[in-house]
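Peer 1: The following block contains the structure, expressed as structure tokens.
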Amino acid sequence: MSTGLHPHVVSLSSSLDEDDRELEALGYVPSFKREFSNLATISFAFSIMGLCSSVATTFNTPLLLGGPASVTWCWILGACMCFTLGSSIAEIVSAFPTCGGLYTASAQLCPKRHRAKVGWVVGWLNILGQVAGLSSTEFGLSSMIWAAVNVAKDGNYTVTPGMIVGLFSGLLIFHGILNSLATRYLAQLTKGFVFVNIGTTILIIIVLLATTPRSEMHAASYVFGSAGIVNQTGGWNTGIAFLFGLLSVQWTVKDYDATAHISEEVRRAAYAAPSAIFIAVIGTGILGWLLNIILVLCSGPLENLPGPSGSAFLEIMALRMGKPGALFLWSFVCLTAFFVCQTALQACARTVFAFSRDHGFPDRGYLSKNSEWTLTPLRAIWATTIFSIIPGLLDFASPVAANAIFSLTAMALDLSYIIPIFLRRVYGKHPEVNFKPGPFYMGDGFVGLAANSICIVWTLFVCVIFSLPTVMPVTAANMNYASVITVGVIVLSGIWFFAGGRRHYHGPTSNLQEKTDGQGDGDDDDLKNEKQDA
């Protein structure tokens, strides 16, 4: 008998039903509309990394600490290692396509007696890392915009902390408003992000090469060789100074699991979400390496950087393209950073939604309710927006304190990533876990084991680099508080759990009973069996 529907419609409906059944098998009632297509999902994954804007905000660190060769070699080294981490995360996201992401996976990948403790710590690390990342990126965007004003005024312009914080707060509120749209509008908006992101990067590369005379380009030994190793740390040995170049790539190729947090809004999530992560990590790594090479090649004298604007990236553009051309392209770099903040807020709000759904907050699930108008978690969105403003406001009292909170991002997120990867290897065959891989799977052979092992060891190594102060001698102003803040989060969350959190949080909790209560008696038995299977 014919359905009377177009084959594409039937196929789409079938895939949506399969996604929802898979989510219910994990213990959750579908709460979102699946409006993100493959293109929108890939665009989301690229946008969260924000290639050219992330390089722009971090380029000073490798260039001015380890030198030009540190920029080029540390990027490709770090990108290769990030590929192993991205692949390992994609494997887990494919098996657990929920908006809780790696937080949910961590709790599910260990025996029942450990689930509450593991889920609690990973949840708080991931949420606070995302909040700090959103806040720091928005703060960086505000600084980038004011840097452009400074360049336009030939350096004769004073930017006050109040101006930076005011613009930062306004941008965050605007992103909160945009994120309040229904999922279908967010998906349509996100589709174009990837083209602006990649297009801006390629355009900057082409224009830099076209406007830099061949005689003024640096030699290969400066870009790749020993002539480009310049230790300006003030006390660290050259090897450590060189390794500080890793901070840029690790900061850029981050937030891998952001796509997982929108997986309940993605069609064919078990396929699309991990594939988007895989593609974005490869694309960002390769294109980012090319961008860094061209920036160093066309950078001019090192002693003239970072220049009046404080951004070596912008100064190189102004040197080669002229001020009008540089400011025109810089506006697109800022737009890319704007997209990063838009996607980061969406991902973080979904994580807050998932943690509240599992009763991780003492809010009785208040933040896990969707709006009846938009079917999006407006409460979680605005809670995330408000809390993300707080670190920036600290800049009024102490820039050191604000930077200390910002420094939480990379280390907290990286640790929350490797915990589920480690648990999957240790407890994958445990009778209470019985890990069931999704469509994206590297296998239990050499390839999968090597990728998992390398990314865990590499992440722990990079966390040590993240913990080191980058400039000597160490003072209160230049101290690196990343490790202190991260350990503090772990300790305080542990104390909170045993003091009161364990009363309301017991690990990921099925909410299928809500659906059961809304069904007739004829469906009760099927739903109870479904819940038991989950």
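The values are calculated or read from the model by the stated rules, or taken from the named source; none is laboratory data. This is a predicted model, so every value here is computed, not measured. Neighbour counts are summed over all protein chains in view; Cβ atoms, including those assigned to glycine, are modelled from backbone coordinates with ideal geometry. To get the accessible areas, we keep the full protein, side chains included, count just its heavy atoms, and leave off ligands, DNA and RNA. Shrake-Rupley method; radii C 1.70, N 1.55, O 1.52, S 1.80 Å.
Peer 1: So which helices (runs of 4 or more DSSP H) stay within the stretch 258-349 end to end and still have 2 or more residues that are under 29 Å from Thr384 (Cβ atoms) and in contact (Cβ under 8 Å) with a residue 60 or more places away in the chain?
Peer 2: Numbers: elements: 258-261, 269-297, 312-321.
By residue number, 258-261, 269-297.
Peer 1: Out of Phe497, Phe461, report the one residue that is part of a helix (DSSP H, G or I), modelled with pLDDT of 90 or more and surrounded by fewer than 16 Cβ atoms within 10 Å (Cβ to Cβ).
Peer 2: Numbers: Phe497 fails: surrounded by fewer than 16 Cβ atoms within 10 Å (Cβ to Cβ).
Only one candidate qualifies: Phe461.
Peer 1: Taking Ile229 as the residue in question, decide whether it is open to solvent by less than 40 Å² (accessible area, probe 1.4 Å), in contact with a helix residue (DSSP H, G or I) (Cβ under 9 Å, 6 or more places away or on another chain) and more than 30 Å from Cys348 (Cβ to Cβ). Please lay out each step first, then the result.
Peer 2: On the way: open to solvent by less than 40 Å² (accessible area, probe 1.4 Å): no; in contact with a helix residue (DSSP H, G or I) (Cβ under 9 Å, 6 or more places away or on another chain): yes; more than 30 Å from Cys348 (Cβ to Cβ): yes.
So Ile229 does not fit the description; no.
Peer 1: Here is a follow-up. Of everything in the stretch 208-218, what is over 20 Å from Gly245 (Cα atoms) and over 32 Å from the mean Cα position of the chain (by Cα)? Give them in sequence order. Walk me through how you get there before you give the answer.
Peer 2: Within the stretch 208-218, the subset over 20 Å from Gly245 (Cα atoms) is 208-217.
Matches in the stretch 208-218: Ala210, Thr211, Thr212, Pro213, Arg214, Ser215, Glu216, Met217.
Peer 1: Then there is this: Within the stretch 34-148, considering only helices (runs of 4 or more DSSP H) that don't extend past its boundaries, which have at least 3 residues that are surrounded by 24 or more Cβ atoms within 10 Å (Cβ to Cβ), under 20 Å from the mean Cα position of the chain (by Cα) and not charged (D, E, K, R)? Working first, answer last.
Peer 2: Working: elements: 38-49, 51-58, 60-65, 68-95, 102-108.
The helices (runs of 4 or more DSSP H) meeting that bar are 38-49, 51-58, 68-95, 102-108.
Peer 1: Scanning the stretch 270-283 for residues that are open to solvent by less than 10 Å² (accessible area, probe 1.4 Å) and touching a Gly at 6+ places or on another chain (Cβ under 9 Å), which turns out farthest from Leu186 (Cα to Cα)?
Peer 2: Among those that are open to solvent by less than 10 Å² (accessible area, probe 1.4 Å) and touching a Gly at 6+ places or on another chain (Cβ under 9 Å), it is Val281.
Peer 1: Let me ask something else. For Leu247, which of the numbered conditions (1) part of a helix (DSSP H, G or I); (2) at pLDDT 90 or above fails to hold?
Peer 2: Only one criterion is unmet by Leu247, namely (2).
Peer 1: In the list Ile177, Ile205, which residue meets the criterion of being assigned to a helix (DSSP H, G or I) and open to solvent by less than 60 Å² (accessible area, probe 1.4 Å)? It would help to see each step written out before you state the result.
Peer 2: Details: Ile177 fails: open to solvent by less than 60 Å² (accessible area, probe 1.4 Å).
Ile205 is the lone residue from the list that is assigned to a helix (DSSP H, G or I) and open to solvent by less than 60 Å² (accessible area, probe 1.4 Å).
Peer 1: Please go through (1) assigned to a helix (DSSP H, G or I); (2) modelled with pLDDT of 90 or more for Asn231 and return the number of the only condition it doesn't satisfy.
Peer 2: Every listed condition holds for Asn231 apart from (1).
Peer 1: Val447 versus (1) surrounded by 13 or more Cβ atoms within 10 Å (Cβ to Cβ); (2) out of contact with any helix residue (DSSP H, G or I) (no Cβ under 7 Å at 6 or more places or on another chain); (3) β-branched (Val, Ile, Thr); (4) modelled with pLDDT of 90 or more: which is the lone unmet condition?
Peer 2: With (1) surrounded by 13 or more Cβ atoms within 10 Å (Cβ to Cβ); (2) out of contact with any helix residue (DSSP H, G or I) (no Cβ under 7 Å at 6 or more places or on another chain); (3) β-branched (Val, Ile, Thr); (4) modelled with pLDDT of 90 or more applied to Val447, the lone miss is (1).
Peer 1: For the stretch 149-162, how many residues are open to solvent by 40 Å² or more (accessible area, probe 1.4 Å) and small (Gly, Ala, Ser)?
Peer 2: Number satisfying all stated conditions: 1.
Peer 1: From the set of residues in the stretch 391-432 that are among the small types (Gly, Ala, Ser) and in contact with a helix residue (DSSP H, G or I) (Cβ under 7 Å, 6 or more places away or on another chain), which is nearest to Gly443 (Cα to Cα)? Outline the logic, then answer.
Peer 2: Within the stretch 391-432, the first condition is being among the small types (Gly, Ala, Ser), and the residues that meet it are 392, 397-398, 401-402, 404, 407, 410, 412, 416, 428.
Next, from what is left, pick out any that are in contact with a helix residue (DSSP H, G or I) (Cβ under 7 Å, 6 or more places away or on another chain): 392, 401-402, 404, 407, 410, 412, 416.
Values: Gly392: 43, Ala401: 44, Ala402: 43, Ala404: 39, Ser407: 35, Ala410: 28, Ala412: 27, Ser416: 22 Å.
Going through the qualifying residues, I end up with Ser416.
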